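Asker: Encoded as structure tokens, here's the structure I'll be asking about.
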């Protein structure tokens, strides 16, 4: 019987299809791995209900484990508890910033996230806090579009939910 | 244990409304007033279709007759669709799309708040997820209602006109079936009649702020609970279902 932790280690290399600098584990999409004899069950959860990356992630998981000789793999889509940006690891937030995406602020109960003015949001390129929201909706379901008023660059903000 | 057929129908109503409204919004793709708004409307469409997808998977499971979510979405005709009448109303001008969305987002936020406490675990989980999205959608549509209603003479007139056009379909959202009483009693479904005054208070508050007036004594059209629709739905389904029905075995 394979150790679930070993499987988790194998899966930790799978990148998010839309933000390839962070893995599905760092993003908090990979929720659980269970092993019963030959049968391996993996729980994943979507960031947003309509996230089109889920099918790709499921296929990536199945094909990677097949390569390692594990054939009986079942991927479950679970909805509870609902995904939150609080599950994104600190290390992954730094990777997002370096990639040009402002990471979500820590607490989802921050009132600032409701009015669209997160308190500590800074430009991922120049670090300026002099930023402005362009649109609540960005290039993917999980991001909003901002611009920096100092270096003038537009950037994505990983919105808090 | 609540009646299985009643639960199946209840989930279909939730799913169909999301699917039809999501499809309507997707019609804006490439046509919205400017790029950011195009992305916003299609993002919301994606969330709604995603919610419909999860609900239809659950509906298929509850029904237990081997149908899939795709069978339910693509192989039912308009007299088997239970979406709200509001959701099928055409996009019209931008004001009409925004007012339709605002009325609907307000409904969804209250519905999901309540359903997230449902005794049905799957519905509760999907509602908790949907609530985060609906809250975000409402922020967008509310901002537009305020901006358009209290904007120029042109934007105000168009928004007031949209409200006059759409108000007659709002009572239909709250209509309940006789079976719903059992579902409400079992803690599964939301009592929509109890929810309506809160919804009215919430939308009225913003309309006042936006200088808009709810039409007085407006005739209310009903029918969605009996799957009775306007002809608009047939055209929408024809477009949405065409590909699947032409190539039923096609796989992506």
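No lab work stands behind these numbers, since they all come straight from the coordinates. A quick note: this is a predicted structure, and the numbers were derived from the prediction, not measured. Reconstructed Cβ throughout: ideal geometry from the backbone, glycine too, with neighbour counts over all protein chains shown.
Asker: Taking Cα atoms of the protein assembly as shown, Rg/Rh with Kirkwood Rh, to two decimals?
Answerer: 0.97
Asker: How far is helix B:4-26 tilted, in degrees, relative to the longest principal axis of the Cα atoms in chain B, given as a value from 0 to 90 rounded to the nearest 10?
Answerer: So the inclination is approximately 40 degrees.
Asker: Using only Cα atoms, find the angle between the long axis of helix B:192-209 and the longest principal axis of chain B, and express it within 0 to 90 degrees, rounded to the nearest 10.
Answerer: Helix B:192-209 sits roughly 20 degrees off the main axis of chain B.
Asker: Still on this model: So how far, in whole Å, is the C-alpha centre of segment B:135-194 from the one of segment B:14-80?
Answerer: 18
Asker: Same structure, new question: Note the angle between two axes, namely the Cα long axis of helix A:53-67 and the longest principal axis of the Cα atoms of chain A, as a number of degrees from 0 to 90, rounded to the nearest 10.
Answerer: For helix A:53-67, the angle is close to 40 degrees.
Asker: Is it possible to state the helix-based mean residue ellipticity at 222 nm for the protein assembly as shown, with each DSSP H run of 4+ residues giving -39500 (n - 2.57), the sum divided by total residues, to the nearest 500 deg cm²/dmol? What is it?
Answerer: Helix-only estimate at 222 nm: -16500 deg cm²/dmol.
Asker: Quick one: B:174, A:158, fewest Cβ neighbours within 10 Å first, how do they rank?
Answerer: Least crowded to most crowded, the residues run B:174, A:158.
Asker: Semi-axes, largest first, in whole Å: what does sqrt of 5 times each Cα gyration tensor eigenvalue give for chain A?
Answerer: With the √(5λ) rule applied to chain A, the semi-axes are 34, 15, 13 Å.
Asker: Something else: Taking the mean number of other Cβ atoms within 10 Å as a proxy for protection, how do you rank B:68-78, B:208-218, B:49-59 from highest to lowest?
Answerer: Peptide ranking by packing, descending: B:49-59, B:68-78, B:208-218.
Asker: Given the protein assembly as shown, what percent of its DSSP beta bridges are antiparallel, to the nearest 5?
Answerer: Close to 70 percent.
Asker: Applying 1/(1 + (r/R0)^6) with R0 = 35 Å to the Cβ-Cβ distance of residue B:194 and residue B:239, what FRET efficiency is obtained, to the nearest 0.05?
Answerer: The calculated FRET efficiency here is 0.45.
Asker: How big is segment A:4-77 along each principal axis, measuring the range of its Cα positions in Å and listing the largest first?
Answerer: Sorted largest first, the three principal extents are 32, 22, 18 Å.
Asker: Give me B:119, A:47, A:84, A:140 ranked fewest to most by other Cβ atoms within 10 Å of their Cβ, as a rough exposure proxy.
Answerer: Ordered from fewest to most neighbouring Cβ atoms within 10 Å, B:119, A:47, A:84, A:140 come out as B:119, A:84, A:140, A:47.
Asker: Under a crude label model (7 Å from the Cα following the beta-carbon direction), how far is residue B:157 from residue B:65 in nanometres?
Answerer: My value for the distance between the label points is 5.1 nm.
Asker: Take the Cα atoms of segment B:126-252, find their three principal axes, and give me the spread along each one in whole Å, biggest first.
Answerer: If we take the Cα atoms of segment B:126-252, the spans are 52, 40, 32 Å.
Asker: Residue by residue through A:133-146, how many Cβ atoms from other chains fall within 10 Å of the Cβ on average?
Answerer: 4
Asker: Using the alpha carbon gyration tensor of chain B, what are the three equivalent-ellipsoid semi-axes (square root of 5 times each eigenvalue), largest first, in whole Å?
Answerer: 29, 22, 16
Asker: Can you give the convex hull volume of the alpha carbon atoms of segment B:22-69 per residue, in Å³?
Answerer: Measuring per residue, one finds 54 Å³ for the Cα hull of segment B:22-69.
Asker: For chain A, give me the percentage of DSSP beta bridges that are antiparallel, rounded to the nearest 5 percent.
Answerer: Around 70 percent of the beta bridges assigned by DSSP in chain A are antiparallel ones.
Asker: To continue, here is another question. Percent of Cα-Cα pairs per 5 Å bin, from 0 to the last occupied bin, for segment B:75-140, please list those.
Answerer: Over segment B:75-140, the share of Cα pairs per 5 Å bin runs 4, 17, 19, 18, 19, 16, 6, 1, 0 percent.
Asker: Just counting partner chain Cβ atoms within 10 Å, what average do the residues of peptide B:137-145 show around their Cβ?
Answerer: Other-chain Cβ atoms within 10 Å of each residue's Cβ, averaged: 1.
Asker: Within 10 Å of each Cβ of A:46-54, how many other protein chain Cβ atoms are there on average?
Answerer: 6
Asker: Using the 10 angstrom Cβ neighbour count as an exposure proxy, how do B:194, A:8 rank, fewest first?
Answerer: Ordered from fewest to most neighbouring Cβ atoms within 10 Å, B:194, A:8 come out as B:194, A:8.
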